[in-house]
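The values are calculated or read from the model by the stated rules, or taken from the named source; none is laboratory data. Source: prediction; values computed, not measured. We place every Cβ from the backbone using ideal geometry, glycine too, and count neighbours over all the protein chains shown.
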Amino acid sequence: MPELLMKIARKMPAGIKDRLQPLKHPMDGWLIRRIHSISGNTVAQGPFKGLKYFGYHEVAFLLGTYEKEVFPAIERILEGEYTDIVSIGAASGFYVAGLARRYPKARLYAFETSELHQGYIRENVEANVPGSSLQVYGECRPTDLANVIPQQARTLVVSDVEGAELDLLDPSLAPQLKNSTLLVETHDPLRPGCTQGMLDWFGETHLIERIHSQERTLADFPYPALTRPAFMMANSALRAMSEFRAGPQEWLLMTPKG
Ligand SMILES: C[S@@+](CC[C@H](N)C(=O)[O-])C[C@H]1O[C@@H](n2cnc3c(N)ncnc32)[C@H](O)[C@@H]1O
């Protein structure tokens, strides 16, 4: 784009920029429509392959590339047996719905502040596991986990709450967490000390595996025919897989030692 147009574009309000985005990347819309049509709104690959999914920014989820670096940890999680599954920061319910398919009899709890997302959580779980025990709550507060998780449960907790993990996962507030398996995305850039806080809390009671975020490449894209010709489609495919991360990110898989 000529420099003058670039200058004008940079100064535009965000709402107008969003509307003009298709002009900047005209093939993106076509690719996204093809992905929806080919996938039939089901996840293409990974541990949640076959999951019916609708939600916000859903394309990366449908491609089965969303949080792909965590897949090996999820495969190991799926070898366990759980009576209770808690998703904190459940967003549109990708994890809780994916886990519900594997554990249809487990009690399911999803915490999500956004009402828009809460609707998707209900729809996604119901579409995949009709008649589940799902309970959807709003904002998770520090004492909520202690109240929600039954004492004798075998619990799996999946957490992605933008730094609030340092308020919510304290095992002195919810002792049930000492026996729970936890997959926690930490957010040190937003809340310094999150990762260390988890290591301090769970280092003695749990085996902890640290997983680091990775950039997606075209090799991750499940529909290679759609990325040709590469000179037109490669960047659209990479944008479709984008998770809009500001920088490197980390997850902790924490499995009770006992
Ligand atoms: C980055 S998103 C999680 C994405 C999720 N990993 C997925 O698979 O879709 C973080 C979500 O946490 C929610 N959130 C943040 N703090 C929360 C809290 N204390 N209780 C419940 N939800 C919270 C936000 O509304 C947001 O939807």
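Can you tell me which residues in the range 80-95 are within 18 Å of residue 168 (Cα to Cα), in contact with a strand residue (DSSP E or B) (Cβ under 8 Å, 6 or more places away or on another chain) and of a type outside the set (D, E, K, R)?
Narrowing the range 80-95 to residues within 18 Å of residue 168 (Cα to Cα): 84-91.
Next, only the ones that are in contact with a strand residue (DSSP E or B) (Cβ under 8 Å, 6 or more places away or on another chain) stay: 84-90.
Those that are within 18 Å of residue 168 (Cα to Cα), in contact with a strand residue (DSSP E or B) (Cβ under 8 Å, 6 or more places away or on another chain) and of a type outside the set (D, E, K, R): 85, 86, 87, 88, 89, 90.
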Only one residue in 76, 102, 107 is touching a Ser or Thr at 6+ places or on another chain (Cβ under 6 Å) and closer than 20 Å to residue 182 by Cβ. Which one? 107
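Of all residues in the range 217-258, which are within 20 Å of residue 189 (Cβ to Cβ), charged (D, E, K, R) and at pLDDT below 95? Quick ask: steps written out before the conclusion?
The first filter runs over the range 217-258 and keeps only residues within 20 Å of residue 189 (Cβ to Cβ), leaving 242-252.
Still in the list and also charged (D, E, K, R): 243, 245, 250.
The answer is 243, 245.
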Quick one: count up the residues across the range 55-112 that are away from the ligand (no atom under 14 Å from the Cβ) and polar (S, T, N, Q). 1
I'd like to verify a number: residues in the range 174-185 that are more than 12 Å from the ligand (Cβ to nearest atom), in a strand (DSSP E or B) and surrounded by 23 or more Cβ atoms within 10 Å (Cβ to Cβ), how many? 1
Of all residues being touching a Ser or Thr at 6+ places or on another chain (Cβ under 8 Å) and more than 19 Å from residue 91 (Cα to Cα) in the range 146-173, which is farthest from the ligand (Cβ to nearest atom)? Just the residue, please. 154
The range 236-258, residues that are surrounded by fewer than 16 Cβ atoms within 10 Å (Cβ to Cβ) and over 20 Å from the mean Cα position of the chain (by Cα): 257, 258
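Based on this model, can you work out whether residue 231 counts as surrounded by fewer than 12 Cβ atoms within 10 Å (Cβ to Cβ) and hydrophobic (A, V, I, L, M, F, W, C)? Explain how you work it out, then say what you get.
Details: surrounded by fewer than 12 Cβ atoms within 10 Å (Cβ to Cβ): yes; hydrophobic (A, V, I, L, M, F, W, C): yes.
Yes: the conditions hold for residue 231.
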